[in-house]
Amino acid sequence: MQAITSLTGPFPRSEALVAATRDLDRGRTTPEAVEEAYATTEAEVTRVEERLGLDPRTGGYLRWQDLFRPFAETWEGFTVGPLTRWFETNQFFRQPILHAPPERVAGAILPWLPEARSACAGRRGKAILPGPYTFAGLVDNRSGETAEALTHRLGRLLAEELRELRSHGFTTFQFQEPLLVVRPPERSRAESVVAAYKSIAAAAEGATVAVWTFFADAQPAWPTLWRLPVGIVGVDLAETDLLALPPSTERRGLGLGVIDPRTSLVEDPAEVVQLTRAIAERHRPTTVWVGAGAPLDLLPWEPATRKLHVLPAVREGLRAEAARR
Amino acid sequence: MTDPPLFPAQEIGSLMKPRWQLLGQRGQPLDDAARAEFSAWNDRLHFVPPDDPMVRKFLGERSREVNAETVRDWAALCLIRYLESAGLARVYDGEARRVEMYEYPIRQMRGFQFLGHVRSFDNKYYLKASITGEIRLDRPYHTEEFEFVRDHARATVKLPITGPYTLADWSYNEYYLRRQTGWKGPGTRRRAQRDFVVELARRAIRPTLAALIERGCRVIQVDEPAAGTHPQEAELVAEGFNAATEGLDAEFSMHICFSDYRSLFPALLEAKRCTQWAWEFANRDSEGHDGYEVLKLFREYGDHRQVGLGVVDVHRDEVESPERVKERLLRATRILGDPRRIWVNPDCGLRTRSLDVAYQKLTNMVRGAALARAELDGRAAA
């Protein structure tokens, strides 16, 4: 079985970048020096991705203060709101406040994507974007639109975004949807999620679209997840026991979040290979994507990098096992 | 005997360290900005005699001859006077001696290993450790700083200490997780976390609290900003609090911020020795959204303990007007019923604001409390 390994969210900032951004806030350095620290660290993340064979590449999303900030700061209809806890973590995001139905601003998101800036732009870059359900569910919606209408609208706007990013060489689009499993949608909300992803799928023809869920057991959301017209559904294996779920009836790519960034304990590659094999036998996915179950920026740089080494080991383990069979 | 004035003010956490403190403690020469900052605050607060030879040395060309301990003591004195001068009834030293609320206590214990910085939000980070062995307290901490504040403060001293649940939640849990067998799923992680929190409470926090109380500490704020992180663990927050305070006699409050408070009810109310809930509210209070509505939960669950009401947002420079503070206090009073239950405080520590901005926020907070008091007194008189 061939496994694709890739980063599935923002990577931690290096200690040098931590120091630089901190110093900037304290007036001890210049924006130019911080820009240099960002560029250096992005290049370092890309080197880690290359060295470990992680492809498609992401560049680490180091400049994103949170999943929504580039949108809240650039798209129309939003302002940046209060600090709000990011699910069950000690991280916070500034909740976007939506004052009117949102409008996309062409070209506004591209500069935020590290791969768009990197020397290898145009190669297989992965864009990691907020999923429409999580986005709609976590904004402070004062726009007058219902949650359903907003989810659908964000799906259409993200589809436009995807079209633009495709024209800049991005081939893989991963939508972060923790809320889909933390607060699974029901009835009309679920329909609006499916409709949103239909818009995205229509724009994505020929590209790979993944929905990545994390921070909760995917089981309650499983029926909805399998209705989404996407190539890959990712689950956080620290929260979800996929072997306890009924075998999938439809063949689809499966994303396995095998690295748990909530613990600094490094996963055992042999155990991960065994688990991946068992899951694959049960659910018979078309492809397997292996990565972190939740964003790795819950860890410091060094342990995150250390834990990432499990990915090539798993890739090789699966390849060797397949060769033996 | 008359009742104490309504809406007494208190500090809630750390303050930004003055530039002169940072340079002085590092043994670096003061620059003009640091000198000006020192002199401006000393003119206002009189925390050290300006003609003291050491002070002259510090502000002159020989600042490096003043040792780090002296600089640190001056900073503590400065911030004690700063809080007193702002009109607070309960003060501390702005945590002038601490690195921050997590790293400092962890460094007083064995069994932890620091792994690096993790982002909390924007460009704010904390150094995160992993528990890799048995917890052992080197010696009770915060005792010397408490004694210093006790000996110098004119207002009542309130000591903040990070609670066991937060220390555990902000650490990686290798040691206790390794002791669990099988899939490290949510149930296993929770069991390991319970062991971690309770051991921390018993082996490190309780002995520290006992040592502080022995030295005369009467008012202690247990900081549990992580309390709302995992709603299903609210019971564990209370269990950790109870284990840490078991058999101890002092006035304990619990500070929580940036959490969904609804998820903590009613389990948190089992923290029996807690006499005041000091929480953040202003951050969530905006046009069209009542940040204080959540206080109804206390009424709903019949909890009549004091509330330390966050009326000042600590993450924005915009200074709340006294009228805004008054309005928030009166709104909270309408919900809680009894104004005597309310203390007024910032949402959290003001360490991310400059000392100038923080001071304006604190003084406006105190003025706002006076306005609210006058309005209620006026109503009572009428």
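How big is the charge dipole of chain B about its Cα centre, in debye rounded to the nearest 20, if each Lys and Arg gets +1 on its Cβ and each Asp and Glu gets -1 on its Cβ?
Charge dipole of chain B: 700 debye, to the nearest 20.
Residues of the range B:107-137 losing 30 Å² or more of accessible surface, assembly versus chain alone, probe 1.4 Å, please list them.
Listed by number, the residues meeting the 30 Å² cut-off are B:Leu115, B:His117, B:Val118, B:Arg119, B:Ser120, B:Phe121, B:Asp122, B:Asn123, B:Tyr125.
What average count of beta carbons from other chains do you get within 10 Å of the Cβ of residues in B:179-187?
Mean number of neighbouring Cβ atoms from other chains: 3.
Within 10 Å of each Cβ of A:259-265, how many other protein chain Cβ atoms are there on average? Walk me through the numbers on the way to the answer.
Working: counts 0, 3, 2, 5, 9, 13, 9.
Mean partner shielding for this stretch: 6.
Take peptides A:140-147, B:339-346 and line them up by average Cβ neighbours within 10 Å, highest first, as a rough protection proxy. If you can, show how the numbers build up before the last one.
Details: A:140-147: 16.4, B:339-346: 21.9.
So the order, starting with the most tightly packed, is B:339-346, A:140-147.
Would you work out what percent of the accessible area of the protein assembly as shown, with all protein chains in place, is carbon or sulfur (probe 1.4 Å)?
49 percent
List the GluC sites (Glu not before Pro) within the range B:297-382 that DSSP assigns to loop and that have no more than 11 neighbouring Cβ atoms inside 10 Å.
B:Glu318
Please name the residues of the range A:285-325 whose accessible area, counted over protein heavy atoms with a 1.4 angstrom probe, falls by no less than 40 Å² between the chain alone and the full protein assembly.
A:Pro300
Please report the antiparallel percentage of the DSSP beta bridges confined to chain A, to the nearest 5.
Antiparallel: roughly 20 percent of the beta bridges in chain A.
Determine ³J(HN,Hα), in whole Hz, for all residues of the range A:295-300 in sequence, where each value follows from phi through the Karplus function 6.51 cos²θ - 1.76 cosθ + 1.60 and θ = phi - 60°; x replaces Gly and Pro.
For the range A:295-300, the Karplus-derived couplings read x, 6, 6, 6, 10, x Hz, x marking Gly and Pro.
Using protein heavy atoms only (no ligands, DNA or RNA), what is the total accessible area buried between B and A, 1.4 Å probe, nearest 100 Å²?
Interface area, both chains combined: 3500 Å², rounded to the nearest 100.
With viscosity set to 1.002 mPa s and temperature to 20 °C, compute the Stokes-Einstein D of the protein assembly as shown, Rh being the Kirkwood radius across alpha carbon pairs; µm²/s, no decimals.
The estimated diffusion coefficient comes to 79 µm²/s.
Per residue of the range B:349-361, what does 6.51 cos²θ - 1.76 cosθ + 1.60 with θ = phi - 60° give for ³J(HN,Hα)? Whole Hz please, x for Gly and Pro, Karplus curve as stated.
Here the 3J(HN,Hα) series is x, 8, 5, 8, 9, 5, 4, 5, 5, 4, 5, 4, 5 Hz.
With a 1.4 Å probe and every protein chain left in place, work out the accessible area per residue of the protein assembly as shown in Å², rounded to a whole number.
Ligands and nucleic acids excluded, the figure is 38 Å² per residue.
Relative contact order, percent, of the range B:246-291 when contacts are C-alpha pairs under 8 Å separated by at least 6 residues?
Rounded, it is 44 percent for the range B:246-291.
Using the Cα atoms of the range A:3-324 to build a convex hull, what is its mean projected area in square nanometres? Mind dumping the intermediate values first?
Details: hull surface 62.6 nm².
One quarter of the hull surface, i.e. the mean projection, equals 15.7 nm².
With chain B treated as a Gaussian network of Cα nodes joined by springs under 10 Å, which of B:Pro266, B:Pro225, B:Pro160 yields the largest mean-square fluctuation?
Evaluated over chain B, the most mobile residue of the options is B:Pro266.
Quick check on chain B: of the DSSP beta bridges with both residues there, what percent are antiparallel, nearest 5%?
30 percent
Ordering A:Asp236, B:Asp32 from largest to smallest accessible area (1.4 angstrom probe), what's the sequence?
Working: A:Asp236 0, B:Asp32 120 Å².
If we order A:Asp236, B:Asp32 from most to least accessible, we get B:Asp32, A:Asp236.
With a 1.4 Å probe and all protein chains in place, put B:Tyr176, B:Tyr301 in order of accessible area, largest first.
B:Tyr301, B:Tyr176
Per residue of A:9-19, how many C-beta atoms from partner chains lie within 10 Å of its own C-beta, taken as a mean?
3
The values are calculated or read from the model by the stated rules, or taken from the named source; none is laboratory data. The structure presented is a predicted model; accordingly, all values stated were derived computationally and were not measured. We place every Cβ from the backbone using ideal geometry, glycine too, and count neighbours over all the protein chains shown. Areas reflect the complete protein model, heavy atoms only, side chains present, ligands, DNA and RNA absent. Shrake-Rupley method; radii C 1.70, N 1.55, O 1.52, S 1.80 Å.
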